[in-house]
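To start, the structure itself, in structure tokens.
The values are calculated or read from the model by the stated rules, or taken from the named source; none is laboratory data. From a predicted model like this one, the values you see are computed outputs, not experimental measurements. No Cβ is skipped: glycine too gets one built from the backbone with ideal geometry, and neighbour counts run over all protein chains shown.
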Amino acid sequence: MSLAWLLLQFAGCAVLIAWAGYVLSRSADALAEAHGWGRGWVGLAMLATVTSLPELASGISAVAFVDAPNLAVGNALGACVVNLLFLVVVDALQRHQPMYREASATHLLSAGFGVVMLGFVALSLLTGNRAPAVLHVGIYSPMLLALYLLALKGVHAHERQALASAATTRPSAPAGQTRREWRRFGLAALLVLAAGSWLPEAADGLATALGLSRSFVGTVLMAIVTTLPEMAVTLGALRLGALDMAIGNLLGSNLFNIVIVAVDDAFYVRGPLLADAAAVHAGTAVTALVMTGLVIIGLVMRPQGRTLRVVSWISVGLAATYVVNAALVYLGGI
């Protein structure tokens, strides 16, 4: 297969995913208004889950059909790092002050759960074949799923408590309009799923044609393309003035991306997925831990100043950490 055809396939996936992500953002906001849902919860649970469908589809396809565990693990963890990097863009688009000055404290809970889940993944990657397993599934998989469900419940309860005093009655949208929005939302989700399933084959072919490692392609190239829905939804939320929906979508997507590792593990029948993954992915997991820690610092300290009048020093740290990780994965060559 020629390099030009592979690049065309890769670009086609990118365009389809980006367009579907834009449709998802508009429909989700309309559904939030129709049903009286909070934008923060929509960003964390509903949008984060759907916009992570490319990572889910790509991961399952990579382990079940392409037999590329490094592609799957690199994509899931790389998507976490790219999502955290995109917070730099969110910060830069907040013209008056750094985004951490206006963000809800509820995001601390999402970030905290992300640190715990990423820690389990890093430990499992470092343990390798010595990690306990049940049948062909690593013991970390059910633990990650349980932590994710606990995170959703905890964040939802915290947000409800915080917004209880500000609850208002909203007019109901016409039933026909609501059904149309649900149909648009469902069709966009299916398009994201289809494009995400197509992506691993093109990415694996590019890795071979360009002489790049699967770890690098999964962590950098695939991760950027499969996070396009998150980027599109985040930018759409910012245009609506919904900063918490934008941040909640990115942090919530990271929680779901970590759960995708557990789902991929179930489809990888040769044994525990992380036992066969390259050790270089532990560096990506640690990078995501460091970047999430920086976000937590920003949410607690609420920095006021900007570096070069563009972003806060937290964002400078996020960008620098991402560059270091990309270089290390590329030099790893696995």
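Would you confirm whether or not the stretch 279-287 contains a residue that is touching a residue at least 40 places away in the same chain (Cβ under 8 Å) and in contact with a Lys or Arg (Cβ under 7 Å, 6 or more places away or on another chain)?
No - not one qualifying residue is present in the stretch 279-287.
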Failed condition for Ala57, given (1) at pLDDT below 80; (2) under 29 Å from Ala278 (Cα atoms); (3) within 16 Å of the chain's Cα centre (by Cα), with all others met?
(1)
Counted residues in the stretch 182-231 being closer than 26 Å to Asp244 by Cα, in a helix (DSSP H, G or I) and β-branched (Val, Ile, Thr) come to 4
Keeping to the stretch 207-241, report how many residues are at pLDDT 75 or above and more than 18 Å from the chain's Cα centre (by Cα).
7
Has the stretch 82-94 got at least one residue that is out of contact with any Leu (no Cβ under 8 Å at 6 or more places or on another chain), crowded, with 23+ Cβ neighbours inside 10 Å and of a type in the set (A, V, I, L, M)?
yes
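Checking the condition buried (at least 24 other Cβ atoms within 10 Å of the Cβ), over 13 Å from the mean Cα position of the chain (by Cα) and of a type in the set (A, V, I, L, M, F, W, C), which residue from Ala4, Ala20, Ala11 passes?
Values: Ala4 fails: buried (at least 24 other Cβ atoms within 10 Å of the Cβ); Ala11 fails: buried (at least 24 other Cβ atoms within 10 Å of the Cβ).
Answer to the check: Ala20.
Can you find a residue that is crowded, with 21+ Cβ neighbours inside 10 Å, hydroxyl-bearing (Ser, Thr, Tyr) and touching a residue at least 60 places away in the same chain (Cβ under 8 Å) anywhere in the stretch 221-228? Working first, answer last.
Narrowing the stretch 221-228 to residues crowded, with 21+ Cβ neighbours inside 10 Å: 221-223, 225-228.
This time we only want the ones that are hydroxyl-bearing (Ser, Thr, Tyr), so: 226-227.
Pick out the ones that are also touching a residue at least 60 places away in the same chain (Cβ under 8 Å) and you get 226-227.
For the stretch 221-228, residues crowded, with 21+ Cβ neighbours inside 10 Å, hydroxyl-bearing (Ser, Thr, Tyr) and touching a residue at least 60 places away in the same chain (Cβ under 8 Å): present.
Of all residues in the stretch 144-177 being over 28 Å from Gly119 (Cβ atoms) and not in a loop (DSSP other than H, G, I, E, B), which is modelled with the lowest pLDDT? Quick ask: steps written out before the conclusion?
In the first step, residues of the stretch 144-177 are kept if they are over 28 Å from Gly119 (Cβ atoms); the result is 163-177.
Filter once more, keeping what is not in a loop (DSSP other than H, G, I, E, B): 163-166, 175-177.
Details: Leu163: 59, Ala164: 66, Ser165: 60, Ala166: 56, Ala175: 70, Gly176: 77, Gln177: 80.
So, considering only residues that are over 28 Å from Gly119 (Cβ atoms) and not in a loop (DSSP other than H, G, I, E, B), the one modelled with the lowest pLDDT is Ala166.
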Determine whether Ala194 is closer than 30 Å to Arg130 by Cα and at pLDDT 80 or above.
no
Which of the residues that make up the stretch 52-71 are small (Gly, Ala, Ser), part of a loop (DSSP other than H, G, I, E, B) and within 16 Å of Ala207 (Cα to Cα)?
Ala68
State the number of residues belonging to the stretch 242-273 that are at pLDDT 90 or above, over 24 Å from Leu190 (Cα atoms) and either assigned to a loop (DSSP other than H, G, I, E, B) or touching a strand residue (DSSP E or B) at 6+ places or on another chain (Cβ under 6 Å) (or both).
1
Which members of the stretch 297-334 meet the condition of being of a type in the set (S, T, N, Q) and without any contact (Cβ under 8 Å) to a residue 24 or more places away in the chain?
Thr307
If you scan the stretch 72-110, which residues turn out to be in a helix (DSSP H, G or I) and among the polar types (S, T, N, Q)?
Asn75, Asn83, Ser110
Suppose we keep only residues that are modelled with pLDDT of 90 or more and not aliphatic (A, V, I, L, M) within the stretch 108-136. Which one would you say is surrounded by the fewest Cβ atoms within 10 Å (Cβ to Cβ)?
Gly119
Return a yes/no flag: does the stretch 137-151 have any residue that is more than 21 Å from Val259 (Cα to Cα), buried (at least 21 other Cβ atoms within 10 Å of the Cβ) and in contact with a helix residue (DSSP H, G or I) (Cβ under 9 Å, 6 or more places away or on another chain).
no
